[in-house]
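S.K.: What follows is a structure written as structure tokens; I'll ask about it next.
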Amino acid sequence: MIVKKLIMEITLYNEKKYRIGFDDENTINLYSLDKNKYPNILGLSKNNLTNAYTKRTWVNIRGCEALYNGIVDGFVLLDVRPSNDVEVLEAKQVDRDVYHARLPISEIESMWEERMPFMDFPYPDGLPTKEEIEIPKK
């Protein structure tokens, strides 16, 4: 089973990619995106960051765009915007204007990351704001 967070705040620190977590408004924790290669860094001053961005992952499936919310047992979990896509993706309403769908991974047509500036941090130089990514295997 693989489950990923829908939206992540990311920084490049010492040329390594970390997910950002806040202790308080001035102290952050950096969580390694590859714990086998480099460890978490806890209790770092927010002023030590030189850049940060928010990342969301999207999929195109059945001709619709939906937010990727992870994979469980061969199925992709999606957050679907209120639109005709709800019917096409057979999404179920879980809250007011909130719809979730669970479809086979094999139906994913394409997948990409959308990146945007996070808070008042500079956006990393040269990083594309949209980038195609590999569709996960079953």
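S.K.: Just to be sure I understand the model, the point goes 7 Å from the Cα along the line to the Cβ. What's the resulting GLU65 to ILE105 distance in nm?
M.R.: Here the answer is 2.4 nm between the modelled labels.
S.K.: Continuing with this model, one more query. Hey, got the dipole for the chain? About the Cα centre, +1 on K and R Cβ, -1 on D and E Cβ, debye to the nearest 20?
M.R.: Working: 19 positive and 23 negative charges, 88 e Å.
The calculated dipole for the chain is roughly 420 debye.
S.K.: Moving on to the next point. Are any of the pairs LYS35/LYS92; LYS92/LYS137; LYS46/LYS92; LYS37/LYS137; LYS37/LYS92 more than 32 Å apart by Cα-Cα distance, and if so, which?
M.R.: Working: LYS35/LYS92 35 Å; LYS92/LYS137 25 Å; LYS46/LYS92 40 Å; LYS37/LYS137 23 Å; LYS37/LYS92 39 Å.
Distance filter (> 32 Å) returns LYS35/LYS92; LYS46/LYS92; LYS37/LYS92.
S.K.: Which of SER110, SER32, SER45 has the fewest other C-beta atoms within 10 Å, and how do the rest follow up to the most?
M.R.: Ascending Cβ contact count within 10 Å gives the list SER45, SER110, SER32.
S.K.: For the chain, what does the helix formula give at 222 nm: sum of -39500 (n - 2.57) over DSSP H segments with n ≥ 4, over the residue count, nearest 500 deg cm²/dmol?
M.R.: Details: 1 runs with 4 residues, N = 138.
Result for the chain: -500 deg cm²/dmol, rounded to the nearest 500.
S.K.: Further question on the same structure: Using square roots of five times the C-alpha gyration tensor eigenvalues, list the equivalent-ellipsoid semi-axes of the chain in whole Å, biggest first.
M.R.: Details: eigenvalues 188, 50, 42 Å².
For the chain, the semi-axes come out at 31, 16, 15 Å.
S.K.: Just in region 54-138: which GluC sites (Glu not before Pro) are loop by DSSP and have at most 14 other Cβ atoms within 10 Å?
M.R.: Numbers: sites: GLU65, GLU87, GLU90, GLU107, GLU109, GLU113, GLU114, GLU131, GLU132, GLU134; in loops: GLU90, GLU134.
Those that pass, being in a loop and sparsely packed, are GLU90, GLU134.
S.K.: Continuing with this model, one more query. Hey, got the dipole for region 56-111? About the Cα centre, +1 on K and R Cβ, -1 on D and E Cβ, debye to the nearest 20?
M.R.: Details: 6 positive and 10 negative charges, 22 e Å.
I would put it at about 100 debye.
Every number in this text was worked out from the coordinates using simple rules, so none of it is lab data. In this text the structure is predicted, and so the values were computed from the model without any measurement. Cβ: placed from backbone, ideal geometry, glycine included. Neighbour counts: every protein chain shown.
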